[in-house]
């Protein structure tokens, strides 16, 4: 079993605006700090990404992985790892809940397992960086339309 992270954040935008950013997977490198490349490998009949390959770098390590996406539940974007160089599992989801007309509660969950053993301190630092990107950078992108420097 891998390590799990779960956290949530409130974003001052409606769920449709948040989901629009999440579905633009090819744009992730412009706002997700550790992502260097996102290549769409497949789309469904509605044009939504069904598979994408990513290259990420952080803490002096570069990695690549491929995710398959599930759009089966409204307000939810889920994925599972299909291939990776150092990852055995990288499965997760964003769950969006509208609060009033213009706020969204975003719950992020991720279960990750690496092929190689990693020290606890490095795992905790990595988990913090993942949450930072998954929630704080997402919030900044949605609310401010910003991109990373």
Based on the alpha-carbon set only, what is the convex hull volume of region 20-79 divided per residue, in Å³? 83
Whole angstrom only: what separates the Cα centroid of region 42-87 from the Cα centroid of region 1-37? 12
Give me the percent relative contact order of region 3-144, please, defined on Cα pairs under 8 angstrom at least 6 residues apart. 30
Between residue 16 and residue 113, the FRET efficiency computed from the C-beta separation at R0 = 41 Å comes out, to the nearest 0.05, as 0.80
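I want to verify the translational diffusion coefficient of region 3-144 in µm²/s; compute it with Stokes-Einstein, Rh as the Kirkwood radius over Cα pairs, at 20 °C and 1.002 mPa s.
The calculation lands on 138 µm²/s.
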Ranked by how many other beta carbons lie within 10 Å on average, peptides 12-21, 38-47 from highest: 12-21, 38-47
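Bear in mind these aren't lab numbers, they're just calculated from the coordinates by the rules spelled out. Computed from a prediction, not measured in an experiment: that's the story for all the values here. Note that each Cβ is placed from the backbone with ideal geometry, even for glycine, and that neighbours are counted across all protein chains shown.
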